[in-house]
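Peer 1: First, the structure itself, so that you have it in front of you.
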Ligand code: 13P
C-alpha cells in the first residue's frame, strides 16, 4: 500500500466503534446489554466506543453510562433548533441527555424517510451547532454499485456537506461508509472493497485539506461482526466501525471493539 509512514498516520487517528441500535431495545433488554458493555469495555488509547440508541432510552443510557468509558448518542436529529416540528428532536435536546454523537444521513433515513442530501447537510450543521459530533453516513445501493457509480454517489453525498459546512467542519465529525447492500444482509464488503471507498473519501477531503483528511476518522458499517472486524479494521483507511445487529449482543460488540483496539 502506501508504506509504513501511512500506517503511522493511521495509528495517530482516533478510532471509533459505534453501535447503531436502530429501533431495538426495551428498558430491561437495554439494562442487560449496557451492564455487559460496562463490564467488557474499558478505555483504550486512541479508541472510542459509543452507542446510538432510540430517543426514549437516552435518559436510561445517560444514567447507566455516565462515568463509564462508553459515549452515547442518537440516530437522527432535526435540522431545526426548535419550533412547530411535531415528532422531531433537536440537537440541544440531545445535548441535554449527554449525547456526544448523532448519526446523520443513515441510508435507512435516506431510503425510508426520504431524507435528501440537502436535508442531511442541514442536519449535519444543526448537530455541530448544538455541540454534537455528527457521524455522517454515506454509501451506495446495490444497483449503484453494479452500475459502477459508487464514487459518484458517495462523492455527491460528501459534497453536500462540504459545500454547506466547509471542509473545516470535518475536524469535528466522523464519516461512516455504509454500502446499502451490506447493511443487515450478512453480505459484508470485502476489506479491499471497503478500503477503496474509504481511500476515495479521504482523497476527496484531502483535495481541500490534506492535513485534516489524514486525521479524519472514517468508519465502515455493513454486517460487521466479531468474525470479520479484524480484517476490515486492518485496512489503511478504515478507522473503526458502525455496527448494527452485532451491537445488540454484548459479547459481539465487545469483541469488535477489541479488534479496533488492536488495529
Ligand atoms: P448491520 O451491522 O446490521 O449490517 O447494520 C449496519 C448499519 O446500518 C449500522 O448503521
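Laboratory data are not the source of any read-out in this text; all were calculated from the coordinates shown. Here the structure is a predicted model, which is why all the values come from computation and not from measurement. Glycine gets a Cβ as well: all are built from the backbone with ideal geometry, and neighbour counts include every protein chain shown.
Peer 1: By average Cβ neighbour count within 10 Å, what is the ranking of 123-135, 246-258, 190-202 from highest down?
Peer 2: Averaged packing, sorted descending, gives the order 123-135, 246-258, 190-202.
Peer 1: Let me ask something else about it. So for each of 234-241, 27-34 I average, over its residues, the number of other beta carbons within 10 Å; can you give me the resulting order with the highest mean first? Could the numbers behind the result be given before it?
Peer 2: Values: 234-241: 23.8, 27-34: 15.0.
The peptides rank, most packed first, as 234-241, 27-34.
Peer 1: Could you work out the relative contact order of the chain, using alpha carbon pairs under 8 angstrom and six or more residues apart, expressed as a whole percent?
Peer 2: That works out to 22 percent.
Peer 1: Follow-up. Looking only at Cα atoms, what is the convex hull volume of the stretch 1-77 per residue, in Å³? Could the numbers behind the result be given before it?
Peer 2: Values: hull volume 9.5 nm³, N = 77.
Output value, Cα hull per residue: 124 Å³.
Peer 1: Further question on the same structure: Shape verdict for the chain, please, from the Cα gyration tensor: rounded (a/c under 1.5), prolate (a/b greater than b/c) or oblate. Mind showing how you got there, number by number?
Peer 2: Numbers: a/c = 1.43, a/b = 1.11, b/c = 1.29.
Note, shape of the chain comes out rounded.
Peer 1: Additional query: Cβ neighbours within 10 Å, averaged per peptide: list 170-176, 73-79 in order, most packed at the top.
Peer 2: 73-79, 170-176
Peer 1: Per DSSP H run of n ≥ 4, the term is -39500 (n - 2.57); total these for the chain, divide by its residue number, and report the mean residue ellipticity at 222 nm rounded to 500 deg cm²/dmol.
Peer 2: Working: 12 runs with 120 residues, N = 263.
So the calculated ellipticity at 222 nm is -13500 deg cm²/dmol.
Peer 1: Could you tell me the distance between the Cα centroids of the stretch 9-79 and the stretch 126-198, to the nearest Å?
Peer 2: Going from one Cα centre to the other spans 21 Å.
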